[in-house]
1. Using the count of nearby Cβ atoms within 10 Å as a rough guide to exposure, how do ILE397, ILE352, ILE533 rank from fewest to most?
2. Determine the percent antiparallel among the DSSP beta bridges restricted to the chain, to the nearest 5.
3. Could you work out the relative contact order of segment 19-224, using alpha carbon pairs under 8 angstrom and six or more residues apart, expressed as a whole percent?
4. What translational diffusion coefficient, to the nearest whole µm²/s, does segment 511-596 have by Stokes-Einstein, given a Kirkwood radius computed over alpha-carbon pairs, a temperature of 37 °C and 0.692 mPa s viscosity?
5. Are there cysteines in the chain with no other Cys C-beta under 4.7 Å, and if so, which?
6. Once amide H atoms are built 1.01 Å from N in the peptide plane, which residues 5 or more positions from SER18, or in another chain, come under 5 Å H to H?
7. FRET efficiency for CYS529 and ILE582, Cβ-Cβ distance as r, R0 = 25 Å, nearest 0.05?
8. Taking the Cα atoms only, what angle lies between the long axis of helix 229-243 and the longest principal axis of the chain, rounded to 10 degrees?
Amino acid sequence: MSELRTLAIRVMPRPGESLDSWLEALARRSWTSLSALLDALGLPEVPARERTSRLITSLPGRALRRLEQQVTLPARCLDTAVLPAEIFGLRAPSWRFCPQCLRDSEGRWPTLWWLPWAFACTKHHTLLHRVCPSCGREPRYFLPRAVHLHPRGHCMRRTGRRNVCGADLSRAPQLSLGHGHPIVQSQTEINGITLHPFTSADDVFVEADRLLSTLAESLQPSDLRRMSTDCRSAWEAAFTDATKSKSPLGSWRFHERRVRILTPEFLQREYTEGGKSLAILAREVGMPIAHVVRHAKSLGVTIHRGGIRPPTFNDKWLREQYVTQKRTGRDIAQEVGTHRDAVHRRLEQLGIPRRPSGRSSPALITKLDTSIPPDIRAAAEETLHGWRRLRRFQISIFFPTLTSSANYLGLQPGTLTMQLDQLECAVGAELFHRSVRHSPQHPTRRGTRLLRDLDREDVRKLMHDELGSRIEKNPGQDAISAAIAAADGERGALTNLHADAQDNGQLHIPPPTLPLLRHLFAQRDQENCLAQIQAATGMPTNTIFKQLKRLEGAGWLTSRRETPTERARGRRGRTYYSLTPIARRLQPSLTQLTETK
């Protein structure tokens, strides 16, 4: 049998130092990587790519004894450098740190910083950091490798195949709490809990829960207001992480509360006889619903479908309410104090078919008085959103196009078009003429009559009662004028300058076209391509192209394609535009027009 190898270089662990920190210091002293040191020490239990927490939670006792012999440490010297794995469960421990402690200890880390209920430094009266301020991740989640190549107390989280973050953790901002803060006082008491590899998790949880509960109850709003925003966020995250239901301590706390609160007598009184659902009980006692259901099953309580005791229905009354009165299952359930699903299951047992979703809405069963005009009754009775479509038709007529109407209403043009088509289908007639070139949209005779009926006092009251605060307001004159000006840019009248066109003595030019014409007349002796015009005017390329084509179609411009000899090699051919002789003669009148606009 081969003799146990010992190391020639010795580094003594500091009091309270964690095993991973001591081994890292030993690797630095030996000028080697931590993974190489672990191989030399014969620790196959911790692979090189494993999480750092494996060093302090998963090493068996024989491995610790072997380490003590190899480095000639006193027997059981390393028992305080590791922690029982039971207090962490299946989750990897989260390591926190105090920047000033790292600076004072030259990069040595105590075991206490691995504990789930470690949130404050009692020496410097600050909260602990959990992540590196530079990379935003836990610095020691994975085993650091080439520690001898990097300074002490720096973030060793890998950021690539060969790189690490390298941020100096000792320079992280201080999360100061101040002397005498209750969080620091509670942390001092929590640090007194005795821990070693053979400590019972239940014994630790009893003491930790008592201290954490006392802290949570003793914290006053003034204590939280004294903390900065960063401190408050760090404290909330640390306390939640320690007590959440998925952590071993949190799960143990919920188990103890279940046993103490959810007694058989309590469930019999509140659930079986009182008719409260388990979801309601879970909210009242502040526990997850899954824990409450699991505990009730363990006590032999019969769990009803949906977590609520099935109600007793009067079948005749239920049929009348659902079939005759056309009430929804939700309304009936709220009246009898049960869940909607229970009502639907009873309807199914009675052979009553369910109405499609939404068919029980009051709007679908409301009948309007015969004094209301027939077109309004046809649009609003027994249909969803009928009043909304009427209101949007009423607003749309203010604008010259459906696009401008949709923009005002905050809708897609296709959505508004579909709604107005549905309105016309319900009325059975065309209500307005769509906008075409040079002509805005306007109502038909039937649409004009419908608009007149919508202005009646009784109809306006019905619309306001139905839509309430969701009713859209009438557009102001500024919104209407802006929409008309925008529409004129596309459909405004433009004088036709062809030789066969009739001259009525008036010159019509849409205002959005004037900047382009002003530039063309300033360059009347030259040809202009689209790129040159865009560079000179700053107008959008798509707008320039549309206006050029429109002016060319009206006889203002002529165009020619660039010849192969003019075109530079590898460049696409350009189209050049120039004023027609007729347009050149209009320069004086055009100049006067542009000055008056």
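Each reported figure results from applying straightforward, stated rules to the coordinates on display, with no laboratory input. Quick caveat, the model's predicted, so the values are computed rather than measured. FYI the Cβ positions are ideal-geometry reconstructions off the backbone, even for glycines, and counts take in every protein chain you see.
1. Listed from fewest to most nearby Cβ atoms, that is ILE352, ILE397, ILE533.
2. Rounded to the nearest five, the antiparallel share is 100 percent.
3. 23
4. After rounding, the answer is 241 µm²/s.
5. That list is CYS77, CYS231, CYS425, CYS529.
6. TRP109, THR111
7. 0.70
8. 60
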